[in-house]
Structure formats: C-alpha cells, structure tokens
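One structure is given here, and the rest of the page talks about it.
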Amino acid sequence: MKLPYSWLKEISGVSWSADEAADRLTLSGTAGLAESHNREHFKNVVVGQISSLEKHPNADKLQVANVTTGSDEWQIICGAPNCEAGQKVIVALPGACLKGEFDIKEIKMRGVKSAGMICAEDELGLSDDHGGIIVLDESAPLGVDAYEYLNLDEAVIGFEITPNRPDCLSANGVARELAVLDGRRLELSAPAVSESSEKASDQIKVIIEDSHGCPRYTARIIKNVKVGPSPDWMQKRLLDCGVRSINNIVDISNYVMLETNQPLHAFDYDRFGSREVIIRQANDGELFTTLDGQEHKLDSSVLMITNGKIGVAAAGVMGGLNSEVEEGTTTILLESAYFDPSVIRKSRNRLGLSSESSYRFERGIDPNGVVSASDRAAQLMAELAGGEVLAGVVDNIARPIEPITVNLRRSQVSRLLGVDLPGNFISETLNNLGFDLSENKAELITAVIPTFRPDVSREVDLIEEVARIFGMGNIPNSTHNSGPLYSPTHRRDTIKEQLRQIMTGFGYDEMLGTGFANPDLMQKIEPAVKPIRLTNPISDDFGYMRTRMLYSMLVAAGHNIRHRNIDFKLFEIGRVYIPQDKMPDQPYSFGLIATGQSLAPYWKNGSEALDLFEIKGLLTSLSDSLSVWPFVIEPEVVAGYDKGLSFVIKCGTVRVGSIGMVDQKTARLFDIKQKAFAAELNLEIISSMEKRISPYQPLPKYPGSSRDVAIVVDNHLQAEEMRQSIISSGGELVRAVTVFDLFTGGQVPEGKKSVAFSIDFRSSDRTLQDEEVDRVFKKIVNTLVDKFKAGLRE
Amino acid sequence: MSIIKQLEQLGIKAQTDIKQADSGDVLEKLRVGLLGKKGALTSILRGLKELSVEEKREVGGLANRLKGTIEESIATKREALSGGSGGSTIDYTLPGKPHAHGHRHLVTLVMDEFISIFQRMGFEIADGPEIETDHYNFGALNFPDDHPARDEHDTFYVDGGLLLRTHTSNVQIREFEKRTPPVKIIAPGRVFRNESVNARSFCVFHQVEGFLVDENVTFGDLKGALEAFCYEYFEEGVNLRFRPSFFPFTEPSAEVDVQCFLCSGKGCTLCKYEGWLEILGCGMIDPEVFRSVGYDSEKYTGYAFGVGIERMALLKYRINDIRLLYENDARFIRQFR
C-alpha cells in the first residue's frame, strides 16, 4: 500500500520529514519506506495533445497520431484503445528513458515512423495499470514537464502492513500511529453531510438473511449525481496511492476506502432491479458475472448481495456487471457494510478473486465505522458530483459487535519485556492508541478496545502495544542463564558431520537436491514405491517427493554434463520420502554419484577413469570412520543400477544401502551418456547401530616377513575366496593378505586370469625364521593349486 | 717421509684436485682414489703399525680430521657442480600432485556456522519431519483456519491432507510436547514454500529456528541472545535494530535488521538503499502456543527466533540468483569453503 505523506501529515498534524516519519513508523511496527519519483525517469516526458488520429496503414490495432507539444509536432504510433483526437496526453519523446530502463528513440513500426510514445501509467512507473493511456484535464498546458505537472516530487510512503493490523491499511489508521508516536491521541472529526428532506428509508430496505456472514449493512441513496472525471487533486492523490482514476463516483469510493479503511460499493440504483437489498448465501449452482466480465458458478460458501431476485455483488469481493455505475447513472445506492472476515476469505477463495475490498474485509475492518465512512462518501458525492443525499442511513445491525475490555497487570509488562517502564507510560500509550481505560490502578489497567483493532484481545496484546511504542531498541539486552548444563549431540548429527568431512576429504562436492521429483522419472528409478504427490505443485518436475537419493544425483549430474562439466563427484545428505499409512517415513539418507575422470590429470601419471572399485573403496573408509561393521557389497539387482553392476550394501547382516553403475538407459533420461557410479545409504539405520569401540592392540614386537604369489585361475573364481583360503591354510602366522595385481591376456590363457597376492607373516612371540615362513608359504601355495586348480606364475 | 708429512701433502694435493674437478664423475673417482679401501689415505696409514702408541694416537687423530676435511670439500664441490645450494635440477614450477578435496555446499557452510554459534550458547539440536500435519505446522502455532496469516506461508499440500512444513517451527511443538521447561533448542532444517521460482525466491530453503522456555525469560533476554549471535556471525559491535512485526506464534513479535555491511548503512543496491538488511524474525512465544502444549504461561515465558540460511548466504557472497544453490553445478559449489 502506498500513501502520499502530505495526506498523512494533513490528518495527523505531525511535522516530521517524510523519511523521519517512515523511520518512526517502521520502528513501531508499520514498516514504511518514503520514496519519490526519480526526476531523471521523466526527462523528455511532457504534456501534449493529439491533434489528429488515423488508422495505421499496415496494422489493424495501431493508430498514427499527430501530437503537438506546443512548439513541435510529432508523429507517434499508439495502440491504446482509449486514444482519441483532441485528448491531452503525456508523451515520451526521443531521449527519454522511462523508469530508467526503457529508452525512447525514433523507430519505424510496420513501415511507419514513430517519434515517441503516448504513455500509460505503468510505462511511467506510476502504477501497474496498463488499461490505456493517461488522459489529462483539458486545461493541462502543452509542453510542460510531466514531472512538474503531475507533482511527482511529492514523497509517497510505501507500506508493508502485517496481517494483524487492518486498521493501518488506511490514511486515518497510519495517521493515528503517527499521532501516538508524537505523544497524542488522534481525534477525527465526523464528516458533515447536508441531506435533503426525502428519506432514504422510503427508497430502500436492507434485509440480512445471513447474520453470520453480514453482521451489519448500511445503505444510502444519493440522487442526481453527474458521473464525470474527478478533480485533479483527487486523481493525483489516487495516483500517488497507485490507484487509477475511473470516474468521480468510483474514485470517491476508492478514496474513502483509502482514507477510512472501509470498502464501499456504489450501485446504480436504477439498474439495481428492486427496492430491497437482501444479503444471503449463494445458492449451489447460482451463476454470477463479476465486474471484470467473468462468470462464476457459486455455492453456499459465497456471500451474495442480491436484489431479492438475482445477485448484484459478491459481498466484499467484487460487484456485478448488472448494477455497475455507468456514465449515465444518476442515482447511487451506496453500500457500507461489515462482513465476517473468514466468510469473505472463503468467498474470495471460491471465486478465485481478490480485491482491495476483500483484502480489507478478510483482515477485519471496523464494524462501527461503517456509518461515518458512508457519511464521508456521501459528503464527497454531494461536493464533487453534485449529488443530493437523501436523509438518513438505512442501517441494519444483525449481529452487534461491541468493543471488548482487556485487563493488563502492570507487573506482567516487566515480566515479559524485562524492563520497568517509566511512570505513566503504559496508560498514556494505551490512551493515545484510542483505548479508553475504564480502570487505571497501581497494578490493574482495564482497557476498552476499539473495534478497529481486532488484533487486541488479550493481556499480551496490550503488552505488545506498549513495547512497540516504547521502542524495542530501548529495551535493555540481558542474558538468561538457564537451560541444560550441556547439550547432547545426537548420533545422527555426528554421522552427518563425519560424512561431510570424509566425503569432502575424498574430493566429493556437496550438492543439495530440492527433494521434489518428476513422477515419471522417479518411477523409472524406483518403480516399487509410489511417490508422494503434491496436490498444488509448481511444475511437473516438482510434482512429487523423491523416494531415492539417486533421483537428485542424476538431476544434478545431468545439469553438470549439459553444461560441459563432465568430471565430478557429488554427494548429498538429505531425506527421502516414503509413503506410509499416516505419517510418511522420511529417513535421512546419503547419496553419491561420480563420473568421468577420478582425478584431475597429473603430468606424472595422467588421469584415471572412475570405476566401481573406486566407490567400493570409499565405502570401506566410510564404515571404518563411522565405527560400524565394515560395509560389504553383495550382488543384487537394485532398480536404477545396471543389472550386471548392482549391489546392496550390508553392515554386518543389516542392509544399509545400495551401490552400482547407473543403468545407462535410465541415465540417458537425464542427459547422462557417460558411465556414472552411485551409492545410497540409509542414515537412520546406520545411526541406530551401536558404535564399535575396539580395545587397543599392542604393537608388534618382532619383525615379520612377506611372500608374494601369483596364480593363474579360471576367470569366474573370486579373489575373496582365494584370500580366505590363504588365511585359513596359512594359520595364525598370516597377518594380512592383499591382492596386488590382476592380469588377463598376454601369456595368460583365454578364460583365465592371473591374481597376485602379497602375504604378511608375523609371530607375536618370536622372530620368524625364513625356513618356517617358507614351510607355511608352501602349504598355502599347494592349497591354492589344489583348491582352485591354479597354475603358478613366476 | 714421515707419515705426518705424507698426510699433509696428501691434504694439499687433495684440495687442488678437488678444486679442479669439473664433473661429478671426476669427483667420484677422486673420492675413491683418496678415501676408498684401496685409496691413498689407506695406503699411508698402512705404515701406522711401525709407530709407537703415542705416535699412533697423534697420526690417527690427524688422519681422521683430514678425512673429514676431504669429505666436506668433495660434498661442497659436488653441490657447486650440480648448480646451486638446493642441489636440485628439477623444474619446481611443475604442478604438485593434485590431492582431491571437495567442498561443502554453501548452505551447509552457513548452517554449520550458525549451529556452531548456537551450540556454544548452549542450544541443543532437534529435528522434525518435513512432511507434516496442519496441526504442527499451523494449528498449534496459533494460525487459525481461514486466517490471512496463512497467506504469508504459501503452502504445498500432499495427498492425504499433510503438508510440506513452511518453517521449522513445527519442531517447537513436537519438542514442547516431549519435555518440560527449561527447554533450549535449535531446529535447523529444510522448509518449503509454494512461491514462484525466480532469481529472488525459490520453493525450498533452510532455516534455523531457536527457542528457550523457562521461568522469567524476557524480551531483553531474546535481544541479548540475538545480539550475541550477530556479534559472532557478523562482527563485534555490528548495529542491529528490532522492528515490531507479526507472527502468529509470538507476541510481541519483531524482525531484526543488521546494518548493511556493504555500505555501512549509507544505502546501496544490496540493501536496496534502506541501509538495513532484514535477517531474522523473533518474538516472545505466544500464550496460545503454550496452551496448545500444556505449558502454564503464568509460570513460564519463552522466546523464539528463526533465521533463513539461503538469504544469509546470498547476502554474504552477493549471489544474485538463488536458483544457483539448487542447480548443483560443481563449478559453483567449489567456489565456497
């Protein structure tokens, strides 16, 4: 919401600069920033007149205007529907830079020269309106700078009003805050309306059928109005508020709403269709066309204003096309009402519409301010539209809403804020805010809460009022020494931190997926789980929740590869979301993906392509660092991985994750055409495992010795089997067995492979003699030869 | 010639020869000729057995010193021949062996820093579900049904009536239900908002929520705690301001601005010429929240605050597009440490 500061000053009587006022408001809870239009953005923007207008020879929707700025003539092409010869307009001439970003130059449009632009409000940055070009008073002087003519150097304060403060959605409301900050209570004078002798109640009846939705409805009749443009001062003020001028009647409704916060609606009395206003819930299936031309099918959640037969307005949201004020309207039926906030919220949700009115009604306007707002509008309609105001307001109160009283114990203020406030500060502040104090004792204050403050209903709300006016910055900082003596660290948090340390240490970069997934791609990766669906997603790609970390890994990998970054290793710690009966299972999980070259190329030994063993080796380090049983892999087809290179990860007997080469067909769906390796771990399962603490092992006292053996065996035999055979046949002297070479081809026959083992021998109570080692080694070799039909390589 | 004389002459000749040597090979030959098993020194010392014990001691000492001198001279010459005191001919400008090191995500880096500060202030870490019930995300936090306060939280809903939490405040309720005061906890985590995706807003981000409930916790305590946090994270003495605001689950509520660290409050594009950067929301926990978890608000008071991680990260590194954080381009991730 924007309000010109001159207006606020006029009502509140403060004398601060706009910046200072905005600062004070901000620090008391009404966030505002003073701004004025940048003069630079209006260079070469002047008042002109359309002297003639012709159709563009080559474009149906464009017209060619000759525009005079007094001394010069300009040919300008214009596409606005409201463009007419004779109009005074605002033209941007070559050299202008609108909003500081749009340069105006002489151009050709469909073969016809155009030397500028006839401007709409949005093009000048005055409002968001692009309904047509700005049409000025006939009296506007040609050639004058638009900045001067429109008085654009005036400061306008832009506000961000929190939803609890509907009263501040108006000039009166903000002015009240300013007065309080100035140490005063703002008293607003009642508008003076001169009425005719004819009684409004003879012309209109108000019947409220839904007292829940409409606690109060007032109607006034204003006759003999002349619909026409508003005076410049009102147009200017509305423009400063970002509201487009329509005609005097609509402008007055808007103006009074901005002033008092009371949304008003002006019906054309003669087109209203009856002499009674009936407020009721819409019928199921009832059809209604709003002002904007949209037809809506309604149900009982929508509150309707009707003429007894058909709907004429969706209460508090938008009027109907059938009773709109038009150029020829002479009699106005003016509505000023209080509608229930949650009813209006439901209505506008159902209609899929939102308006300045509904915005205010759903936050809560003053139920007891409806009459004075109606008076104010009637006063202006008499003054500015020549209207004759019929006597009286037809006021139907179906459900009175009275001010409530709230008790405040003074001691609670310091208990909550931690500061003792000076003398009369509390009672004066409450009084200045418009709260009458029916009780004002040493400890207890009883405040009568005006109905324009629906946010205040409890003691704590009053404390907040006092705090924000006192200034939160003035409350001294303190320290509360309590709470637990130490804060425990949870194992899962430790594991997450360790994983980050280890993985970055191994050269992996940490990524963050969104958690969202495209349903088709997600199900390709994990067909067994139906992912959780969002009912109101942003897009298909963000339509479901991921069930596997692999999804996010592939999305990230695809992005990198598309951007020509083909060597990378990434990991993520985050959640997957698995549907269950009630609350979904949302385990923290770990995922990694690696592709391309393992290391940056190095001049000594070149680079090395990644493979499965690289990740397998990483798992060994992970389990060791996390102090759990070693992670071992077992072949099993896991969705998303290549069937021949797919494994589950086990820790002891417990399954904790999976590892493999990403299935190439799946990878291609993510634009990954190179081999990629991935692994996933369920961190909840790992966190639940007991941490292994092994006792200290004494260091060896006696030297060991080692022997190597290379054997040629059938290709299908597994190295681990042979390793286990070496351990068992070698007995207690064998301390470590390592595969140090694997070789196929060359002298090794087809279908065979050469595997080389290095075996360490050591005794804990003596230095081993060569003969003893040789004896054991021979036994080992013989066993290998027998068991695996192995040939020996020299 | 006495042995001593022979040794002296050997010493003189050795120095001359070493000086003249013009390659490592020549030097090595010299060394073998002088000090080797069959070298000059050894052959001179063969005459030692004819000497008395006293003479033997004298000659022995001299021979040892001579040996040391010659070795030293050879070593010095060798260094000179190989071109420099380092004795090295390698091209030290070649790159060293690359040791892989990865990078934490920027969000993690900022989060780690926050968590570390709050842990030092005695806060325990708690966690809660990201797919949550309306009750824990809204109802128990005093967001009435059909209230405009809910508009500030554009919410994603999932099948089955659950929602994606819009803040980590759900952890407040879940922890309050499990504990009795004092409770002093931070809840870091991921949250979701159904906002349009553009350079300035994204549908996923991270928060750290913190709260303390005990007897006699005041707004002044909240200010003290947040000042301590900001002094530690930004810099000692940084200017802060507390602006009254509105959150359904706190009363009074405030937003905290830190003076723009780029322009020191003078106004710049980073702070949009306001001089201040909004960094967090906070307040005293609303009595309605206590009522919903069965705490007695006449006995206990408490404060709560929430900081957005992404915003801090974007501000700190002046990143102009939040989407970069979730694209996971490794070249982006590697820029932060």
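The values are calculated or read from the model by the stated rules, or taken from the named source; none is laboratory data. Keep in mind that what you see is a predicted model, and the values were worked out from it rather than measured. All Cβ positions, glycine included, derive from the backbone under ideal geometry; neighbour counts span all protein chains shown. Note: areas computed on protein heavy atoms with side chains; ligands, DNA, RNA excluded. Shrake-Rupley method; radii C 1.70, N 1.55, O 1.52, S 1.80 Å.
Can you find a residue in region A:571-589 that is away from every other protein chain (no Cβ under 12 Å), outside any loop (DSSP other than H, G, I, E, B), modelled with pLDDT of 95 or more and under 20 Å from residue A:549 (Cα atoms)?
Yes: region A:571-589 contains one or more residues that are away from every other protein chain (no Cβ under 12 Å), outside any loop (DSSP other than H, G, I, E, B), modelled with pLDDT of 95 or more and under 20 Å from residue A:549 (Cα atoms).
Being outside any strand (DSSP E or B) and touching a helix residue (DSSP H, G or I) at 6+ places or on another chain (Cβ under 6 Å), is that true of even one residue in region A:98-109?
yes
For region A:339-353, state whether one or more residues are farther than 18 Å from residue A:304 by Cα and not in a strand (DSSP E or B).
Looking through region A:339-353, none of the residues is farther than 18 Å from residue A:304 by Cα and not in a strand (DSSP E or B).
Specify the residue that is surrounded by the fewest Cβ atoms within 10 Å (Cβ to Cβ); the eligible residues are those in region B:194-216 that are facing chain A (nearest Cβ under 7 Å) and assigned to a strand (DSSP E or B).
Within region B:194-216, the match that is surrounded by the fewest Cβ atoms within 10 Å (Cβ to Cβ) is B:214.
Within the group B:131, B:173, B:186, B:125, which residue is open to solvent by less than 10 Å² (accessible area, probe 1.4 Å), over 25 Å from residue B:252 (Cβ atoms) and of a type in the set (Val, Ile, Thr)?
Only one candidate passes the filter, namely B:131.
Just one of A:334, A:298, A:303 is surrounded by 24 or more Cβ atoms within 10 Å (Cβ to Cβ) and either farther than 17 Å from residue A:257 by Cβ or of a type in the set (Ser, Thr, Tyr) (or both); which is it?
Among A:334, A:298, A:303, only A:303 is surrounded by 24 or more Cβ atoms within 10 Å (Cβ to Cβ) and either farther than 17 Å from residue A:257 by Cβ or of a type in the set (Ser, Thr, Tyr) (or both).
Restricting attention to region A:699-739, which residues are over 20 Å from residue A:763 (Cα atoms), in contact (Cβ under 8 Å) with a residue 60 or more places away in the chain and in contact with a strand residue (DSSP E or B) (Cβ under 7 Å, 6 or more places away or on another chain)?
A:709, A:710, A:711, A:712, A:713, A:714, A:722
Out of curiosity, is residue A:32 within 14 Å of another protein chain (Cβ to nearest Cβ) and either in a helix (DSSP H, G or I) or surrounded by 14 or more Cβ atoms within 10 Å (Cβ to Cβ) (or both)?
The answer is yes for residue A:32.
Find all pairs meeting these conditions: Cβ atoms under 6 angstrom apart; at least six residues apart or on different chains; first residue within region A:410-429 and more than 10 Å from chain B (Cβ to nearest Cβ) and touching a residue at least 40 places away in the same chain (Cβ under 8 Å); second residue part of a helix (DSSP H, G or I) and open to solvent by 20 Å² or more (accessible area, probe 1.4 Å).
Going by the 6 Å Cβ cut-off, the qualifying pairs are A:429/A:469.
May I ask you to list the residues in region B:117-153 that are at pLDDT 90 or above, under 28 Å from residue A:341 (Cα atoms) and assigned to a loop (DSSP other than H, G, I, E, B)?
If the condition is that a residue be at pLDDT 90 or above, under 28 Å from residue A:341 (Cα atoms) and assigned to a loop (DSSP other than H, G, I, E, B), then B:133, B:138, B:142, B:143 are the ones that fit.
Being surrounded by fewer than 19 Cβ atoms within 10 Å (Cβ to Cβ) and closer than 26 Å to residue A:38 by Cα narrows it down to one of A:160, A:187, so name that one.
Sole residue among the options that is surrounded by fewer than 19 Cβ atoms within 10 Å (Cβ to Cβ) and closer than 26 Å to residue A:38 by Cα: A:160.
Look at residue A:671 and say whether it is outside any strand (DSSP E or B), farther than 22 Å from residue B:334 by Cα and in contact with a helix residue (DSSP H, G or I) (Cβ under 6 Å, 6 or more places away or on another chain).
yes
Yes or no, residue by residue, for (1) in contact with a strand residue (DSSP E or B) (Cβ under 7 Å, 6 or more places away or on another chain); (2) free of Cβ contacts under 8 Å to residues at least 12 places away in the same chain; (3) aliphatic (A, V, I, L, M):
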residue	(1), (2), (3)
A:563	no, yes, no
A:608	yes, yes, no
A:622	yes, no, yes
A:625	no, no, no
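Conditions (1) in contact with a Gly (Cβ under 8 Å, 6 or more places away or on another chain); (2) at pLDDT 90 or above, marked per residue:
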residue: B:237; (1), (2): no, yes
residue: B:240; (1), (2): no, yes
residue: B:255; (1), (2): yes, yes
residue: B:263; (1), (2): yes, no
residue: B:273; (1), (2): yes, no
residue: B:282; (1), (2): yes, yes
residue: B:292; (1), (2): yes, yes
residue: B:324; (1), (2): no, yes
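Can you tell me which of A:654, A:648, A:662 is touching a residue at least 60 places away in the same chain (Cβ under 8 Å), surrounded by 14 or more Cβ atoms within 10 Å (Cβ to Cβ) and among the aliphatic types (A, V, I, L, M)?
A:662
Considering only region A:256-288, state which residues are among the polar types (S, T, N, Q) and either under 40 Å from the mean Cα position of the chain (by Cα) or open to solvent by less than 10 Å² (accessible area, probe 1.4 Å) (or both).
The answer is A:260, A:261, A:262, A:281, A:283.
Regarding region B:288-299, can at least one residue be identified that is in the same structural domain as residue B:174 (by TED's automatic domain parsing), under 31 Å from the mean Cα position of the chain (by Cα) and among the hydroxyl-bearing types (Ser, Thr, Tyr)?
For region B:288-299, residues in the same structural domain as residue B:174 (by TED's automatic domain parsing), under 31 Å from the mean Cα position of the chain (by Cα) and among the hydroxyl-bearing types (Ser, Thr, Tyr): absent.
May I ask you to list the residues in region B:226-236 that are open to solvent by 10 Å² or more (accessible area, probe 1.4 Å) and either among the aliphatic types (A, V, I, L, M) or touching a helix residue (DSSP H, G or I) at 6+ places or on another chain (Cβ under 7 Å) (or both)?
Within region B:226-236, B:228, B:232, B:233 meet the criteria.
Do you know which of the residues in region A:703-755 that are hydroxyl-bearing (Ser, Thr, Tyr) and more than 60 Å from the chain's Cα centre (by Cα) is most open to solvent (accessible area, probe 1.4 Å)?
Only one residue fits best here, namely A:728.
Within region A:372-383, is there a residue that is within 14 Å of chain B (Cβ to nearest Cβ) and in contact (Cβ under 8 Å) with a residue 60 or more places away in the chain?
The answer is no, given that none of the residues of region A:372-383 is within 14 Å of chain B (Cβ to nearest Cβ) and in contact (Cβ under 8 Å) with a residue 60 or more places away in the chain.
Kindly provide the set of residues from region A:462-518 that are over 16 Å from residue A:549 (Cβ atoms) and of a type in the set (A, V, I, L, M), ordered by number.
Residues satisfying the conditions are A:462, A:463, A:466, A:467, A:469, A:472, A:475, A:485, A:502.
Are there any helices (runs of 4 or more DSSP H) wholly within region B:217-329 with 2 or more residues that are facing chain A (nearest Cβ under 9 Å) and at negative phi, and if so which?
B:219-233, B:287-293, B:324-327
Among the residues of region A:684-700, is there at least one that is under 30 Å from residue B:95 (Cα atoms) and within 14 Å of chain B (Cβ to nearest Cβ)?
No, because not a single residue in region A:684-700 is under 30 Å from residue B:95 (Cα atoms) and within 14 Å of chain B (Cβ to nearest Cβ).
State the number of residues belonging to region A:660-715 that are within 30 Å of residue A:730 (Cβ to Cβ) and not β-branched (Val, Ile, Thr).
Qualifying residue count for the region: 19.
For every residue, the table says whether it meets (1) more than 7 Å from every other protein chain (Cβ to nearest Cβ); (2) closer than 30 Å to residue A:601 by Cβ; (3) out of contact with any Asp or Glu (no Cβ under 6 Å at 6 or more places or on another chain).
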{"position": "B:103", "(1), (2), (3)": "no, yes, no"}
{"position": "B:117", "(1), (2), (3)": "yes, no, no"}
{"position": "B:145", "(1), (2), (3)": "yes, no, yes"}
{"position": "B:150", "(1), (2), (3)": "yes, no, yes"}
{"position": "B:156", "(1), (2), (3)": "no, no, yes"}
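Looking only at region A:112-138, filter to residues that are more than 20 Å from residue A:243 (Cα to Cα) and at pLDDT 85 or above; which one of those is most open to solvent (accessible area, probe 1.4 Å)?
A:113
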